[in-house]
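Only one structure is covered here, and it is reproduced in the block below.
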Ligand SMILES: [Zn+2]
């Protein structure tokens with residue numbers, strides 16, 4: 001054994017108990033009381049976690065590190081981004097491959113992996129972006145278009161075989177798919193049993209709004225919100241849900257931020273469709289009021305923060321799993337029996353309320369409402385955000401959050417708004433299960449030793465100065481948190497301790513999903 005964490009309160013999505021955790025070769029080898037190092041095992045490090053919570057690291061399935069947007073790049077590369085993640089208790093991230101025009105998907109994947117492998121400090125997975133089925137440098141005859149489409153769709157199976165089983169499409173921006181393309185891509189995803197992630201905002205509606213505002217000189221940042229209000233998002237969510245139902249594809253709505261869209265998702269979930277929804281901490285902590293602030297452009301992201309009604313609907317859904325679905329909210333000392341990510345005994349049917357896609361699951365509770373929390377971490381420097389002074393259309397879209405997600409949600413649990421079990425379900429267990437990170441998402445035998453030690457008594461005030469991102473401001477400035485991670489381990493390696501980053505670029509490994 002290399003490490004024994006003693007006497008902490010281990011919490012999983014399914015419950016909690018005071019016990020020890022043994023780690024060897026990067027894996028959790030035992031979760032039981034009174035673990036002692038072997039007689040000849042002098043190398044074993046013993047960490048006393050009395051009074052601390054021992055939690056699985058968070059799995060943030062939505063980051064945009066090293067992403068070019070026009071002539072600028074998102075502020076964090078894979079090193080700085082995963083450093084910030086690690087310091088916030090996120091031990092796995094999933095980022096995106098964005099193929100260039102006419103670049104093969106596999107070629108783009110290879111390039112992205114090379115970049116990430118050299119820099120990532122924590123394990124990472126990737127989603128494949130699918131855009132511009134009709135982009136074509138050849139003469140644009142119908143045959144050529146159809147040929148390219150088919151080639152691209154065919155390549156999706158090869159991408160899946162190469163370890164990327166989730167695909168991302170946009171319903172707005174230049175890279176958006178038409179309704180017909182979206183339908184064909186979803187049908188293809190269904191064929192190869194892949195998960196389709198959708199950015200849902202209705203392009204025609206928001207462009208029409210923007211055109212009216214620009215023509216009448218209404219270009220202050222409040223009009224960023226007004227051009228993409230609740231209805232614009234809801235309309236696209238409803239469309240995506242309809243197409244998923246029609247094609248039978250597994251659908252994952254990214255950054256869901258409005259009450260009406262949530263309702264559409266919940267109805268489909270109740271009907272039994274494999275449809276999942278993610279929201280982000282920024283939509284839980286802020287409303288559209290931020291766009292009335294003088295520095296409102298620093299909060300510009302798409303979809304934008306919405307009104308109070310949407311915010312409370314999101315919170316209600318985030319809290320609803322407590323004691324109602326799965327085992328969330330219950331406490332006890334029931335032993336977990338997992339080995340290599342597989343269930344060994346039938347006593348514990350499932351760690352989460354979401355039907356497992358990879359781990360065999362004996363019971364499937366209906367996963368209604370928000371299933372995951374992720375960040376959409378995509379920050380830009382203030383001087384880049386400043387391009388939008390006087391004209392919101394010029395502000396690069398995106399905000400930060402990878403270092404704030406877990407501490408913020410755990411703090412809300414610590415304050416009593418929801419249980420720690422539910423936070424772990426949303427931030428770790430569910431994303432790991434939905435995306436197929438089999439060795440992540442639980443403190444249990446056979447899982448990777450991605451572990452967060454959390455001190456419930458440590459108060460923390462977020463400031464740009466104590467964050468580990470490269471960005472020069474934070475929307476979370478001044479946020480007061482009750483409790484904070486004090487140690488973070490990635491596959492048994494200590495990568496964060498009391499404010500200090502101890503990880504190394506290149507430690508992170510690609511996770512095939
Ligand atoms: Zn995103």
Within the stretch 90-100, is even one residue in contact with a strand residue (DSSP E or B) (Cβ under 7 Å, 6 or more places away or on another chain), farther than 23 Å from residue 197 by Cα and not in a strand (DSSP E or B)?
no
Has the stretch 455-468 got at least one residue that is surrounded by fewer than 20 Cβ atoms within 10 Å (Cβ to Cβ), in contact (Cβ under 8 Å) with a residue 60 or more places away in the chain and within 19 Å of the chain's Cα centre (by Cα)?
no
Output the residues belonging to the stretch 361-404 that are on the phi > 0 side of the Ramachandran plot and either more than 16 Å from the ligand (Cβ to nearest atom) or at pLDDT below 95 (or both).
369, 390
Can you tell me which condition residue 308 does not meet? The list is (1) closer than 23 Å to residue 478 by Cβ; (2) free of Cβ contacts under 8 Å to residues at least 40 places away in the same chain; (3) touching a strand residue (DSSP E or B) at 6+ places or on another chain (Cβ under 6 Å), and all the others hold.
(3)
Give me a count of the residues in the stretch 125-161 that are modelled with pLDDT of 80 or more and crowded, with 17+ Cβ neighbours inside 10 Å.
12
Can you tell me which residue is nearest to the chain's Cα centre (by Cα) among those in the stretch 196-223 that are touching a residue at least 40 places away in the same chain (Cβ under 8 Å) and within 30 Å of residue 244 (Cβ to Cβ)?
197
Regarding residue 112, is this residue under 21 Å from residue 64 (Cβ atoms), part of a helix (DSSP H, G or I), within 16 Å of the ligand (Cβ to nearest atom) and modelled with pLDDT of 80 or more?
yes
Does residue 261 count as modelled with pLDDT under 95 and either over 27 Å from residue 63 (Cβ atoms) or touching a strand residue (DSSP E or B) at 6+ places or on another chain (Cβ under 9 Å) (or both)?
no
Taking the stretch 196-245 and keeping residues in contact with a strand residue (DSSP E or B) (Cβ under 6 Å, 6 or more places away or on another chain) and surrounded by fewer than 18 Cβ atoms within 10 Å (Cβ to Cβ) leaves none
So, residue 407, is that one touching a strand residue (DSSP E or B) at 6+ places or on another chain (Cβ under 6 Å), under 18 Å from residue 286 (Cβ atoms), at pLDDT 95 or above and assigned to a helix (DSSP H, G or I) or not?
yes
Hey, among the residues in the stretch 70-84 that are away from the ligand (no atom under 15 Å from the Cβ) and assigned to a helix (DSSP H, G or I), which one's nearest to residue 384 (Cα to Cα)?
80
Residue 477 versus (1) buried (at least 23 other Cβ atoms within 10 Å of the Cβ); (2) over 22 Å from residue 18 (Cβ atoms); (3) more than 17 Å from the chain's Cα centre (by Cα): which is the lone unmet condition?
(1)
Which of the numbered conditions does residue 468 fail, given that it passes all the others? Conditions: (1) in a loop (DSSP other than H, G, I, E, B); (2) under 9 Å from residue 56 (Cβ atoms).
(2)
Any residue in the stretch 36-54 that is free of Cβ contacts under 8 Å to residues at least 24 places away in the same chain, over 14 Å from the mean Cα position of the chain (by Cα) and closer than 21 Å to residue 379 by Cβ?
no
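The values are calculated or read from the model by the stated rules, or taken from the named source; none is laboratory data. A quick note: this is a predicted structure, and the numbers were derived from the prediction, not measured. Glycine gets a Cβ as well: all are built from the backbone with ideal geometry, and neighbour counts include every protein chain shown.
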